């Protein structure tokens, strides 16, 4: 099976990732608002670092889904500086900036003929990454942060967990197989069948198939 046919089995084929607070975070637990008091590309490369496991997750995603896009409110200047610093630009098929995430994702999907049902957005800010994206019919999950824990929404601990979450989504989306009989049910059916034969009853034999 080639790579493209393997990918086609996945529930989510198009992944959209927020940048700040999702892919990279302030160093040493600092507040992001310290940076935004006086933002610049030069300050950004010293202020932020990749979140744990992000690079490894991107490598796994690149081989598992059809497209990976970044969707950020950051300016192109700041984002370019960070993409160069972290050396992760090549993982992304497209980088979208300056907000309007739901509309930009919808436009991207329409342009390429992709389905919304096969797309997922991952971010840390409910008001920017979840609500406006879901309004456009695209599923969205949260990266768990202290500042978003009051919001009820599907979430992962970090982008590092996204490949595993996608695999679970694949499993959950598979058609339900017939339930396997328990041992008691199996032996009970055998005993009942023997009785039916003894009393010359006409009944159907249910075959319990191993899958």
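The values are calculated or read from the model by the stated rules, or taken from the named source; none is laboratory data. Predicted model, so just to flag it, every value in this text is computed and none were measured. All Cβ positions, even for glycine, are placed from backbone atoms using ideal geometry, and neighbour counts span all protein chains on display.
Results, tabulated for the structure shown:
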item: Count - residues of segment 117-130 that are closer than 21 Å to residue 169 by Cα and either in contact (Cβ under 8 Å) with a residue 60 or more places away in the chain or exposed (fewer than 15 other Cβ atoms within 10 Å of the Cβ) (or both); result: 9
item: Some residue of segment 29-36 being closer than 24 Å to residue 140 by Cα and either surrounded by fewer than 20 Cβ atoms within 10 Å (Cβ to Cβ) or touching a strand residue (DSSP E or B) at 6+ places or on another chain (Cβ under 7 Å) (or both); result: yes
item: Verdict on residue 16 being assigned to a strand (DSSP E or B) and either surrounded by 15 or more Cβ atoms within 10 Å (Cβ to Cβ) or outside the structural domain of residue 121 (by TED's automatic domain parsing) (or both); result: yes
item: Tally of residues being surrounded by 15 or more Cβ atoms within 10 Å (Cβ to Cβ) and closer than 25 Å to residue 127 by Cα across segment 76-89; result: 5
item: Among residues of segment 19-38, those that are out of contact with any helix residue (DSSP H, G or I) (no Cβ under 6 Å at 6 or more places or on another chain) and in a helix (DSSP H, G or I), counted; result: 7
item: Condition met for residue 95 (touching a strand residue (DSSP E or B) at 6+ places or on another chain (Cβ under 8 Å) and within 19 Å of residue 155 (Cβ to Cβ)); result: no
item: Residue among 71, 54 that alone is under 21 Å from residue 126 (Cβ atoms), modelled with pLDDT of 95 or more and out of contact with any strand residue (DSSP E or B) (no Cβ under 7 Å at 6 or more places or on another chain); result: 54
